Every structure is written in C-alpha cells, then in structure tokens.
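The values are calculated or read from the model by the stated rules, or taken from the named source; none is laboratory data. Everything numeric in this text was worked out from a predicted model, so none of it was measured. Positions of Cβ are backbone-derived with ideal geometry, glycine not excepted, and every protein chain shown enters the neighbour counts. What goes into the accessible areas is simple: the full protein's heavy atoms, side chains included, and nothing from ligands, DNA or RNA. Shrake-Rupley method; radii C 1.70, N 1.55, O 1.52, S 1.80 Å.
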Amino acid sequence: NYRMAPIDQFGNATATWDALRSINLQLLKLAPTFLQLRWDDAYHFGTVPTGCHGSTEHALVRNVGGQMAVGDFTHPDGTRYVMVLNKDLQKSMPCSLQFRTPPRKVELISAYSGTPVAFEGEQVWLSPGQAALLKLTLGP
C-alpha cells in the first residue's frame, strides 16, 4: 500500500516526497538557532489537552487569539524566543500575540534563510499545523 508514501510502487517521488523535502530544507535553516535554545515551558491556548496546561504567570505569552500551542525558550546569551503552533489542521489563522511584558521587537526566524525578519503582514498568518519561531528583543 503506497498511498501517500514519499516513493510510489514504481520508485518515483510523489507529492509527499516534495512536502518532506520542503520541511527538511526549512528545518536545515532553523536548526542553527533552534539547537542553541533551552526549552523553558510549553502551554496551550483554546483547548488544553489532558496532562498539559494553559498559560501561567511565568509564561512569556498571555494570549494568542486562537487554538495555538506556545513554547518558551532561552538562548545562552539570554535572548528569549517563543515558538507558536497553529493547532487547527483545517484553517489558517493570524497569530495575535499578547505578551505579559511587551517586547521592543518581535522577529520571525525565517525558515527559508535562518535569519530574523519582520514579523508583520502576511508573516503573522500561520497555515494549518504551521509553527513559527520568534525572537524577542526585551528591555528598554
């Protein structure tokens, strides 16, 4: 049964192969940043799965305006990051972040270049199941 397999029964690449290749290329760009981060917490907005929790007073994000999961991370230099995941597998939605302490700047770590870019406009929309790694610039 080769339905949805990356390679079909004749040895040819399928659409799944292309999707996996795209994901792998994006992970390759995000890895240099992500591998340096220490995980601090993960929490949910909207429906909270059994055994998990919502945002707490220690969480960086207070609200996101939708069914999303958030992870808080810290870089060795003290820079804070959040990863936001659209838990809806059917609909895109904007990521309307409300922080406990508003950062001076929020940048998206681009999955295409691995560098910080503006987190604005269409960048704030997350596709079904999509995650975004965001770099926060805190302080005055």
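Can you give the angle from 0 to 90° between the axis of helix 15-34 and the longest principal axis of the chain, with both taken from C-alpha atoms, to the nearest 10? Compared with the principal axis, the helix lies near 30 degrees. Of the listed residues Met68, Met83, Met93, the order by accessible area with a 1.4 Å probe, largest first, is Met83, Met93, Met68. A run of the chain free of exposed loop cleavage sites, with trypsin sites (Lys or Arg not before Pro) counted only in DSSP states other than H, G, I, E and B and at most 12 other beta carbons within 10 Å, reaches its longest extent at 4-90. Segment Trp17..His75, full-extension length gain: 17.6 nm, with 0.36 nm per residue of separation and the alpha-carbon distance subtracted. Accessible surface comparison of Tyr81, Tyr112, probe 1.4 Å, protein chains only, largest first: the order is Tyr112, Tyr81.
Between Asp40 and Leu138, the simple label model (points 7 Å from Cα in the Cβ direction) yields a spacing of 0.5 nm. With an a/c value under 1.5 for the gyration tensor axes a ≥ b ≥ c computed over the alpha-carbon atoms, region 23-140 is described as rounded.
Solvent-accessible area of Asp18, all protein chains in place: 100 Å² (probe radius 1.4 Å, heavy atoms, ligands and nucleic acids excluded). Taking Phe99, Phe34, Phe45 in turn, the Gaussian network model of the chain (Cα-Cα springs below 10 Å) assigns the largest fluctuation to Phe99.
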